[in-house]
Amino acid sequence: MPKTSLSLLLGGALLLATSCTTETDPENEGAGGSSSDGGTGASNGSSTTSTGGGGGVGAGGSGGSGGSVPEGKVPMFVAQGHMGMTTVSCDDGRSWVGYRTFETEASPLLCGETAQVDCFNGGCSYLDSGGTCQQVGSNCDCDHSPGSGKGLAYGDGAFVATFGWGQPGVVLRSTNGIDWTQVDAGNTFADVVFGNGYMALSARSPLYSTDGGQTYVEGTDAEHSPWNVRRLFYFPNAGLFMQTAASGDNRDLRLTGDWMNWSAPSTLGDGCDAVSQAVEGGNTIVTTSGDDYVCVSTDAAETFSRVDLPNAPALFHALVWDGARFIVWGWQDGTKAYTSTDGQVWTEHDTNLGNDRFGEVALNPVTGTMVTARSQWQNWYEDMRWYRSSDGITWETLAAEDSVLSHPVRELTFGWADPSDACPLP
């Protein structure tokens with residue numbers, strides 16, 4: 001296929017906010033999984049409680065920190081997946097609408113192809129870093145493509161999603177979750193997060209925005225030891241962002257409050273440098289790696305201690321604070337939920353999902369509803385399942401007519417959207 005320049009390819013849609021070039025990842029992160037470098041889990045056991053040292057409790061949340069419904073806004077869950085996919089739920093997770101992908105838009109990043117890609121199975125076309133369209137006959141690696149879903153966040157009235165890993169991608173922005181505008185192209189970012197008025201894109205030198213993700217400036221180099229940046233989190237009570245990096249077994253964590261000055265935790269318990277999810281509840285921060293333990297900080301990320309969970313589950317890349325409890329999920333003779341008020345003492349609960357496994361969980365901080373999507377290997381498209389729950393233990397599986405048979409789902413978030421034809425005001 002003919003060679004095409006990125007600037008010509010993206011033409012009038014290109015709204016470059018920066019010319020900074022960020023790194024790509026030569027390693028496979030785990031197809032269709034979370035954008036992390038977590039470990040592997042062990043299995044054996046039943047219901048018990050695990051105990052560690054002391055910890056604090058407080059308010060906080062995943063997907064929001066509570067409060068009332070903003071006037072003129074629609075409460076909305078947004079999901080991000082591979083091949084540039086987004087879809088939304090504007091009825092508290094009861095159904096999903098507004099499904100769009102790079103295929104449905106005939107994106108030049110997929111060389112204008114409109115046939116749905118079958119990730120990790122069928123063929124695909126994509127634009128490489130040299131501006132040449134490449135054709136793959138089978139086993140399309142959706143983890144490493146311009147459409148790889150890498151991060152999704154809500155803040156300052158807008159949703160921001162970053163796509164692309166291994167090949168240059170795009171950053172998209174939307175105020176209604178349905179219509180998306182490109183705000184960056186030709187780069188790759190490991191994640192995106194909002195906090196303290198900043199919308200930030202994860203890179204060795206992160207980019208940050210103070211206008212709701214419309215334009216960006218570059219921060220200083222975080223000086224990670226590993227090359228590959230992985231995740232970015234914000235802890236509002238600590239007033240800190242935490243960025244993770246990992247290349248193989250080489251991992252580190254870096255902290256900043258202003259994108260100019262960086263530090264590192266002074267003490268990390270065994271395995272606490274491996275982080276796939278992190279959330280703050282009050283003055284307690286909990287992280288998980290996808291292994292059989294969590295790590296806990298009660299001193300604003302200065303130190304983290306390891307807490308092993310009951311019966312050594314293989315944890316999913318899912319963690320929330322619901323305003324009263326931390327909740328993580330994992331597999332141990334079936335899908336289990338693990339709850340704790342302080343991050344130190346954990347109780348195991350059987351769920352009603354059998355062996356179904358899922359990825360990231362998003363929380364509506366007003367209703368308490370949690371949503372997630374199936375994430376088991378090759379259980380997408382006709383095998384995709386969407387779930388909602390009020391307590392994280394008992395889950396409703398949505399009917400087929402209320403679901404979307406989507407690409408692998410990578411990220412979920414909650415926010416307040418402008419009304420649209422697909423999602424009018426309640």
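Here, each number is a calculation from the coordinates, and none is a lab measurement. Since this is a predicted model, take the numbers as computed values, not measurements. Because the Cβ atoms are built from the backbone with ideal geometry, glycine has one as well, and the counts that use them run over all protein chains shown.
Excluding TYR126 itself, what net charge comes from residues whose Cβ is under 10 Å from its Cβ, given Lys and Arg +1 and Asp and Glu -1?
-3
Count charges around VAL160 for me, please; just the other residues with Cβ under 12 Å from its Cβ, Lys/Arg as +1, Asp/Glu as -1.
Residues near VAL160 contribute -3 overall.
Percentage of Cα-Cα pair distances in region 188-283 greater than 24 Å, rounded to whole percent?
Pairs farther apart than 24 Å: 15 percent.
Rounded to two decimals, what is Rg over Rh for region 39-417 when you use alpha-carbon atoms and the Kirkwood radius?
In region 39-417, Rg relative to Rh is 0.94.
For VAL294, what is the net charge nearby, where nearby means another residue's Cβ is under 10 Å from its Cβ and Lys, Arg count +1, Asp, Glu -1?
Combined, the nearby Lys, Arg, Asp and Glu give -2.
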